[in-house]
Amino acid sequence: MTESRTESSEWLIYRGAGEPHDGMDRLPPPPPWRDFASRETAGPGADGSQNRRLGAHRHLAELHRPGAEELEMINAALYLRRPLLVTGSPGAGKSTLAHSVAYELGLGNVLKWSVVSRSTLQDGLYHYDAIARLQDVQIAAQGGFGSAPGSPGAVEGIGSYIRLGPLGTALLPSDTPRVLLIDELDKSDIDLPNDLLNVLEEGEFAIPELERVADRLPDGEAEVLTADGAKVRVRDGRVRCRAFPFVVLTSNGERDFPAPLMRRCIHLELGRPDHKRLATFVRAHLGDEAARRGDDLITHFLERSRSELLATDQLLNAIYLTDAAAPTSRDRLADLLIQRLDRPR
């Protein structure tokens, strides 16, 4: 019994013994989907989250092989310049779809707007930091800044206090569309889906703070920051797209959306993934060997998912941990990690 306990606890880094030790030296590299250091080596202009979303081993697997209906709906959204509303259970690949399209079509980094219950349309479009500008004007009045154009007190400097949100950045004029992921729209306040209608229909919006002073700006333009940190010029206080962005709205089905929004979207329902698709998903993130050794966990996951709400992320966590640590309590640990999401709290 003692030998079994020692053997099963060899993988533990934190031992709960209250004694400092150098166990962190044994901690293996993070799972690819939690490797945030990869952003530093992605290179200029690269999407640092791509490996985490599409899989570090995607060259070993056909990660995203959509079915005929899925493929048709994605292309319909591209052709019609309409948002794509993707619904399905957690972990069905809704968010990954946006990254897959951006990667295959060379559309650059995916802009992401993670919606919460407090999110408003303004959050997605732009933020104007009036308080910071007021503070800088007060400092300038006391001699802390110069009075040259572009200083806080000058109209020309107003753009320094405006930053476009993900939706606002996606609507900037460009020859090719940006990809925008509006994630978990069903978690929003009841008003947000309706508030999105006009912007998604017209493909433009106004920045009143710039409109008011446009006639006093050089050529009517102000330089503002985008959601991904670039500086762009906005003319006459309005942002108008040339190529409508490829917008992916995701929902876990926690609420219904108003008919006007549904009418403006192409709706795609992602079904529950089968064994082949799950194995491909695991192979893309963890490689062939991990997928082969975790095949029994994939089978067990599918059996449970027929009657329980589970997420694919849980399966990835279980296979990575049981494969990397290989404890003797493999099945028990997998069950602890793959807990039903619809269980009573």
Query - Number of the exception - LEU333 against (1) without any contact (Cβ under 8 Å) to a residue 24 or more places away in the chain; (2) farther than 23 Å from PRO28 by Cα; (3) of a type in the set (A, V, I, L, M) - result: (2)
Query raised in the report: Hey, ARG306 hits all of (1) within 25 Å of ASN252 (Cβ to Cβ); (2) under 27 Å from the mean Cα position of the chain (by Cα) but one; which does it fall short on?
Result: (2)
Report summary line: Conditions (1) within 30 Å of LEU134 (Cα to Cα); (2) in a loop (DSSP other than H, G, I, E, B); (3) small (Gly, Ala, Ser) -> ALA222 fails only (2)
Query raised in the report: Any idea which of (1) within 16 Å of the chain's Cα centre (by Cα); (2) assigned to a loop (DSSP other than H, G, I, E, B) is the one SER117 doesn't satisfy?
Result: (1)
Requested in this report: Please work out which one of (1) under 22 Å from GLY157 (Cα atoms); (2) modelled with pLDDT of 90 or more is the condition GLN138 fails and give its number.
Outcome: (2)
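For residues that are farther than 22 Å from ARG255 by Cβ and either assigned to a helix (DSSP H, G or I) or modelled with pLDDT of 90 or more (or both), tally how many sit in the range 61-106.
Count: 21.
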Query raised in the report: Is it the case that THR280 is touching a residue at least 60 places away in the same chain (Cβ under 8 Å) and closer than 20 Å to ARG81 by Cα?
Result: no
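The values are calculated or read from the model by the stated rules, or taken from the named source; none is laboratory data. A quick note: this is a predicted structure, and the numbers were derived from the prediction, not measured. Please note: Cβ atoms are built from the backbone with ideal geometry, for glycine as well, and neighbour counts cover all protein chains shown.
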